[in-house]
Structure formats: C-alpha cells, structure tokens
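Here is the structure we will look at.
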Amino acid sequence: QVQLVESGGGLVQPGGSLRLSCVASKSIITFYRMDWYRQAPGKPRELVASINSGGSTNYADSVKDRFTISRDNKKNTVYLQMNSLKPEDTAVYYCNRFPIVPWGQGTQVTVSS
C-alpha cells in the first residue's frame with residue numbers, strides 16, 4: 001500500500017513562509033508528475049502546483065510567484081516552498097501523484113495574525 005505523508009504545516013503570520021514536504025512510502029514518484037493541492041473549509045480541493053518528471057512546473061494564478069514546487073526523487077520527496085503567505089492560503093495541503101494514488105492526511109496551514 002502506497003502512502004503519502006505530508007508535513008511542515010503550521011500557524012504563520014501574513015507575509016511569512018513555510019516549507020511543506022511530502023514523502024512517499026515507495027518509489028512511486030520518479031517517472032510521474034507530482035502535484036500539491038489544498039482544500040479550505042467549505043471549498044473544493046484545488047490544484048495549486050505541479051512538477052513533471054523533467055522538472056517543469058506549473059502554478060495556479062493565486063500562488064504564482066509566491067510558491068515553488070520541487071522534488072528529490074532519490075528521497076521520494078516533493079516540496080512546496082510557500083512565501084509571502086496570505087490569510088486566503090489557509091487550507092489543508094495535500095500532495096499526490098498523477099494519476100492519483102490514495103490521499104494522505106494532509107498538513108494544515110493557517111495564516112493569521
């Protein structure tokens with residue numbers, strides 16, 4: 001059973017930074033696109049960043065120029081560096097592969113003063 005474990009969330013003030021990590025239990029990410037999603041209360045889960053096997057990245061307009069996705073295939077890990085955080089970034093953040101595998105528990109990010 002493949003497991004994805006997200007970590008690195010927390011409470012941060014507006015304008016602050018966080019770095020999220022997503023570790024896969026097996027070598028499932030090497031040849032696949034990896035994505036970060038987020039889900040705010042009462043809202044659908046949304047895709048915020050993607051990185052393909054070659055390292056090309058895409059971002060939602062709402063996070064462009066503030067978030068950076070990266071990967072370390074040797075460590076089966078995907079990262080999301082989040083800078084200039086805003087209250088509207090508050091959500092549970094999840095990672096997944098494309099095509100998807102079972103979801104992890106996510107990591108809570110709260111941006112508040």
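On inspection, VAL92 fails the criterion of being touching a Phe, Trp or Tyr at 6+ places or on another chain (Cβ under 8 Å), farther than 25 Å from THR30 by Cβ and either open to solvent by 20 Å² or more (accessible area, probe 1.4 Å) or in a strand (DSSP E or B) (or both).
Which members of region 55-71 meet the condition of being of a type in the set (D, E, K, R) and over 14 Å from the mean Cα position of the chain (by Cα)? Scanning region 55-71 gives ASP61, ASP65.
Please specify each residue of region 17-39 satisfying the condition of being assigned to a loop (DSSP other than H, G, I, E, B) and surrounded by 14 or more Cβ atoms within 10 Å (Cβ to Cβ). The answer is ILE28, ILE29, TYR32. Across region 63-89, the number of residues qualifying as open to solvent by 10 Å² or more (accessible area, probe 1.4 Å), assigned to a loop (DSSP other than H, G, I, E, B) and closer than 22 Å to VAL111 by Cα comes to 6.
For VAL101, the conditions (1) within 12 Å of the chain's Cα centre (by Cα); (2) modelled with pLDDT under 95; (3) aliphatic (A, V, I, L, M) all hold with the exception of (1).
The values are calculated or read from the model by the stated rules, or taken from the named source; none is laboratory data. Only a predicted model underlies this, so the values are computations on that prediction, with no experimental measurement involved. Cβ: placed from backbone, ideal geometry, glycine included. Neighbour counts: every protein chain shown. Keep in mind that these areas ignore ligands, DNA and RNA; they rest on the heavy atoms of the full protein, side chains included. Shrake-Rupley method; radii C 1.70, N 1.55, O 1.52, S 1.80 Å.
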